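The structure appears right after this line, and notes come after that.
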Amino acid sequence: MAYRVIQIGTGGFGACWCEWFLPANVREGLIEVVAAVDINPDNLAHARKHLNLPAERCYTDVRRALDENPADFCTIVVPPAHHETMAAHALAHDLHILSEKPIADTLEASCRIVEKVKRAGKKMAVTMSHRFDQDKTTLREELRSGRHGELDYIVSRFTCPCRAFASWGKFRHEIPDPLMVEGAVHHLDLLADMGGALCEEIYAQTWNPRWGEYAGDSQGLVTMRLANGKRIFYEGAKTNTAGLNCWGNEYIRAECEKATLILDTRRLEKFALPAGKSGVSAREGHGETIPLLEQPKWQNAWLVEQFVKWLDGGPAMETNVEANLQSVALIFAAIESSRTGMPVKVQELLRRVWDQVKREMA
């Protein structure tokens, strides 16, 4: 039997949920979308058009939607500052939750959500869509295969030409730390996952150039040291002149014992260590192409399927809300590092904040 879903947020990226991510799972009989909510009534047109919802099941009041439509879980696709409130409404109606990243707009709020979900006995996961994109999944599987020897370090580049106000969605130009909270939350998460261990220490420099029409920092350089000793170097930029590696086309270079692997604008290539040689001179773009993995669904469409399988009693999602605290801890540790000018111990920060939240909620 299909799980009944209420979609919270149908504008902006919520429109993509209505048009692509949910319908792919509706067609397979995994879910049934029973209602949709958005504070802007114009945005509900996406739910009516792509989810075939009648007007009477499209709401501007989330409480009415939840009161009037029995459901099994909800999807939360609204700005992070509203995640905690939406999660509270969902739990009050005994719903499981599948939410867009990050868990919330602060580490404290994220920990509160995790505690509330655990106490309610419900399941919640976060859609870290970029980690589950086709090209990144292929690179991750190559690294995990062992075919290329031990990983040494990873370098990544994400650069976009979104300096003008509202070019990256109006709210992102108005919040503190937009690069970290809305961009690097994906990238630091997937890079740590590729590195194969939790991040122990992070050092970051973030800023906003005078031509960046943002209230917070839109550019950043980040260094991460993982618990297994691997290093990660990340360049993130939203106000560059040229978008060399913007959304979905990120550059990731993994230096391994027996090969250099390069992912650039969705092409994955390798430069293997020749037999009997210590190395080889090479040019990017001229390596051996590694074919990308194939399957019917990627990103959030695939994650909805994973969530349903978890509800069916399958294994917990990799991005279950408690595990995903690591992703949130990364970005807020990076923000703290940039403000203090010092490296931050990520796991110590997470333990300190989580213990504080538990005491406050006791």
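The values are calculated or read from the model by the stated rules, or taken from the named source; none is laboratory data. All values derive from a computational prediction rather than experimental measurement. Glycine also receives a Cβ, built like all others from the backbone with ideal geometry; neighbour counts cover every protein chain displayed. To get the accessible areas, we keep the full protein, side chains included, count just its heavy atoms, and leave off ligands, DNA and RNA. Shrake-Rupley method; radii C 1.70, N 1.55, O 1.52, S 1.80 Å.
Residue order by solvent-accessible surface for Tyr59, Tyr203 is Tyr203, Tyr59, largest first, with ligands and nucleic acids left out and a 1.4 Å probe. Using only the C-alpha atoms, the convex hull of segment 179-250 corresponds to 84 Å³ per residue. Comparing Glu305, Glu336, Glu284 in a Gaussian network model of the chain, where Cα atoms under 10 Å apart are tied by springs, the biggest mean-square fluctuation is seen for Glu284. What value, in deg cm²/dmol to 500, does the helix sum -39500 (n - 2.57) over DSSP H runs of n ≥ 4 give at 222 nm once divided by the residues of the chain? Computed mean residue ellipticity for the chain: -9500 deg cm²/dmol. Under a 5 Å amide H cut-off, with hydrogens placed 1.01 Å from N, Leu53 pairs with Arg48 among residues at least 5 apart or on other chains. Close amide-amide hydrogen proximity is noted between Asp152 and Glu255, Cys256, Glu257, each under 5 Å apart and 5 or more residues distant or on a separate chain (H modeled in the peptide plane; Pro and chain starts excluded).
Taking a ≥ b ≥ c as the square roots of the eigenvalues of the alpha-carbon gyration tensor, segment 299-362 is classed oblate because a/c is 1.5 or more while a/b is no larger than b/c. Equivalent ellipsoid of segment 111-150: semi-axes from √(5λ) of the C-alpha gyration tensor, largest first, are 33, 12, 7 Å. If you sort the three axes of the alpha carbon gyration tensor as a ≥ b ≥ c, you get a/c of 1.5 or more for segment 134-243 and a/b above b/c, which makes it prolate.
These residues, Asp217, Asp312, go from largest to smallest accessible area, 1.4 Å probe, as Asp312, Asp217. If you line up the long axis of helix 299-311 against the longest principal axis of the chain, both from Cα atoms, how many degrees apart are they, to the nearest 10? That works out to roughly 60 degrees. Relative to the current alpha-carbon distance between Glu213 and Ala242, full extension at 0.36 nm per residue lengthens the span by 8.8 nm.
Between Asn245, Asn300, Asn52, the GNM of the chain built on Cα springs shorter than 10 angstrom shows Asn52 fluctuating the most. Placing a label point 7 Å from the Cα of Glu257 along the Cα-to-Cβ direction, the residues of segment 220-239 whose backbone N falls under 17 Å from that point are 228-231. Here Glu174 and Leu293 are evaluated by their C-beta separation; at R0 = 30 Å the FRET efficiency comes out at 0.20. Multiplying the residue separation of Ala316 and Arg63 by 0.36 nm and subtracting their alpha-carbon distance yields 88.2 nm.
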